[in-house]
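Inspection log for the structure reproduced underneath, given as structure tokens.
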Amino acid sequence: MCGIAGLLALQGNIAADERALKRLRTAIAYRGQDDAGFWTDGSGVSLCHSRLSIIDLTTGHQPMEDGRGRYVIAYNGEIYNYRELRAEYEKSGALFHTQSDTEVILEGYRLKGAAVCGDLNGMFAFALWDKAERTLFLARDRLGKKPLFWTLQGGQFGFASTLDAFSGMPGWDGQIDQAALAMYALTGAIPGEATIYEGAHALPAGCYATVRLGERPRVSRYWRPDFSAKARAPLAAQMEEYESLLTDAVRIRLRSDVPLALTFSGGVDSGSIAAVCARKLQTPLTCYTIDYHTEDDPSEETVNAAAVAHHLGLDWRHIQFDYHKELLGDLPGAYRYYDQPCHQMAMVYSARLYGAIKPYATVVLSGNGADELFTGYNGDEQVRRKDIALGLLRWARPALAELPVSPYLRLSFPRAFAESIRIQAASFIGSEAVEERLIQMVEKLAQEAEAAAVRTALDWKMWFSLFYGNGDSNFRVPDISGLAAQVEVRSPYLDYRMVEFAARLPHRYKVGRLFSARANKFLPKNWYARHVSHDLAWSRKKGMGWNLRWDRSIAFDPLFETAFEDTYRAVADAGLFAESFRAAWRQYVTDVRSGKGGGGSSGIMMTGFMLGAWLKRNKG
């Protein structure tokens, strides 16, 4: 797990700016503090690397050159199936001089070129320089778990694991992209190639790019999920495949030359991983739960986590987080390394959790992603009801031709989403030019969903939540907060094979009953019930930090009122309509104080608050 960065002089033989190189190396240093490396050919190509050592602790130094001297790579991530690929490539004549997964990528690229990306099961972003062809090859994992950004400034192509790395490049002005800012404000995500800055771009998930002298990157897609073909096998067969996939996904993620642990809520996701480790792989992991738990205010999650750990015979440890005293004060430090806005205040307790684990383990397994794949959220049963209702309405569509109907009836779900953003944008953004760019951004997102054959409401929710809506919680918080604590977070449910399985799984095996949220995540709960009691397997949904009742602090602590107003003012200063966030904040406080919960306005309120906090951090 590492940080990578580099510069390529597009006109050739232009020495890299020393200030730019220094900034690149400084910006990625937090991502890996075990080792640092630098390589240059002296004619305008430079690669930088910071390393958190996980595999092959002694000979895995980077940037790494292949044994034949043609290629050099800077790589961030883990290739979980590197042992199998190594054996396969050796049969084709590959020679290895280390035990690292880095060299497996090098040899795979030598044998297959860009097609090596399809072989790699893991989380990765890498840059590979071909000395003979004088081309730079960039690649990113299927789901986008590892970040990779690029920019063109002052005749140079720069790439890095963090956008902050570009601030030293000649010509970089850090201009905020108002359309991306608005997209984040409306959806909690910045999709595709866009970033928060006008001058920087993301390499999209599941894509690779080739950069030649004097040219812009040529981006190609090598993977996307396919929702078109739902499986017809009965539940028993689907559960057997699920068990096989989960077991293998956990097995290959236990490969490490440093100690491992498991973040643990005691729920279906982390509990299933614990059960696989203990019962099927005979490798029980120490489990860590963070929550607020006192005699006067007990946490249901903490009680359940302790019960599951005892049932499975696990070493379980509880970390106390006093959100009353620590939440607001810890936020600036937790946000320090975030190069774009993040709507997850969970980064605060995540930073505390990873920091507490680090003295005992460097690799942490997590249940991230399961809720998105298998409809684990309260309300997902309502989404399936919508599918059924709309199916009946579309069947009767001729009789409804003269009636005003929902865009979800007239359009596909990606198109209906795009239409809803267009309508909101008109009253949210004051600039027609910004609104036009936002619509173009949303159009690309809709096209990508349609290319994945997303046709139903439930599939749309999985696709959008996985790649965008919950990308902060599943990818960015584990990546940034984890590496800030020098911890690597691995998520078996985010194995691409599990994603493909979930995409073809029939909806009835995800939502078991239309009128009960407890039947959501139907297949995983049925499997989990084989390993714990029925009550534990089918208990109501709880997540990590269940008893961190932020609503109490947000609604009753005067410090939060001041903090929220400061952040919304930063949003307004950035050119966005902050009053919609203020209205959500006022509604949230009213609902919480009256005992209604505040769920309907919480997402908008928190997105605005975290956006403003980031803008303040970056001085607008």
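The values are calculated or read from the model by the stated rules, or taken from the named source; none is laboratory data. On a predicted model such as this, the values are computed, not experimentally measured, just so you know. So basically every Cβ, Gly included, is an ideal-geometry build from the backbone, and we count neighbours across all protein chains shown.
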Inspect all residues belonging to the stretch 66-73 and state whether any of them is surrounded by 22 or more Cβ atoms within 10 Å (Cβ to Cβ), in a helix (DSSP H, G or I) and either in contact (Cβ under 8 Å) with a residue 24 or more places away in the chain or not assigned by TED's automatic domain parsing to the domain that holds residue 363 (or both). no
Applying the selection to the stretch 90-131, what residues are in contact (Cβ under 8 Å) with a residue 24 or more places away in the chain and among the hydroxyl-bearing types (Ser, Thr, Tyr)? 98, 100, 102, 109
Enumerate the pairs (first residue in the stretch 236-258 and assigned by TED's automatic domain parsing to the domain that holds residue 79 and surrounded by 15 or more Cβ atoms within 10 Å (Cβ to Cβ); second residue anywhere and assigned to a helix (DSSP H, G or I) and of a type in the set (D, E, K, R)) with beta-carbon separation below 9 Å, excluding pairs fewer than 6 apart on the same chain, so at least 6 apart or on different chains. none
The helices (runs of 4 or more DSSP H) lying entirely within the stretch 250-338 that contain at least 1 residues which are touching a His at 6+ places or on another chain (Cβ under 6 Å) and of a type outside the set (Ser, Thr, Tyr) are 268-275
Given the conditions (1) surrounded by 20 or more Cβ atoms within 10 Å (Cβ to Cβ); (2) within 16 Å of residue 2 (Cβ to Cβ), report the number of the one that residue 59 does not fulfil. (1)
Based on this model, can you work out whether residue 134 counts as of a type in the set (Lys, Arg), under 29 Å from residue 478 (Cβ atoms) and touching a residue at least 40 places away in the same chain (Cβ under 8 Å)? no
Considering every residue within the stretch 125-135, establish whether at least one is surrounded by 22 or more Cβ atoms within 10 Å (Cβ to Cβ), outside any strand (DSSP E or B) and acidic (Asp, Glu). no
Just a yes or no: is a residue in the stretch 376-389 in the same structural domain as residue 262 (by TED's automatic domain parsing), closer than 30 Å to residue 563 by Cα, crowded, with 21+ Cβ neighbours inside 10 Å and among the hydroxyl-bearing types (Ser, Thr, Tyr)? no
Considering only residues that are more than 16 Å from residue 55 (Cβ to Cβ), at pLDDT 95 or above and either surrounded by 15 or more Cβ atoms within 10 Å (Cβ to Cβ) or outside the structural domain of residue 70 (by TED's automatic domain parsing) (or both), which ones fall in the stretch 88-110? 88, 89, 109, 110
Inside the stretch 586-601, the number of residues satisfying the requirement of being modelled with pLDDT of 85 or more, assigned to a helix (DSSP H, G or I) and surrounded by fewer than 20 Cβ atoms within 10 Å (Cβ to Cβ) is 5
Being surrounded by fewer than 22 Cβ atoms within 10 Å (Cβ to Cβ), touching a Gly at 6+ places or on another chain (Cβ under 7 Å), outside the structural domain of residue 294 (by TED's automatic domain parsing) and small (Gly, Ala, Ser) narrows 583, 574 down to just 574
Filter result (crowded, with 22+ Cβ neighbours inside 10 Å and not in a helix (DSSP H, G or I)) within the stretch 346-375: 362, 363, 364, 365, 366, 367, 368, 369, 374, 375
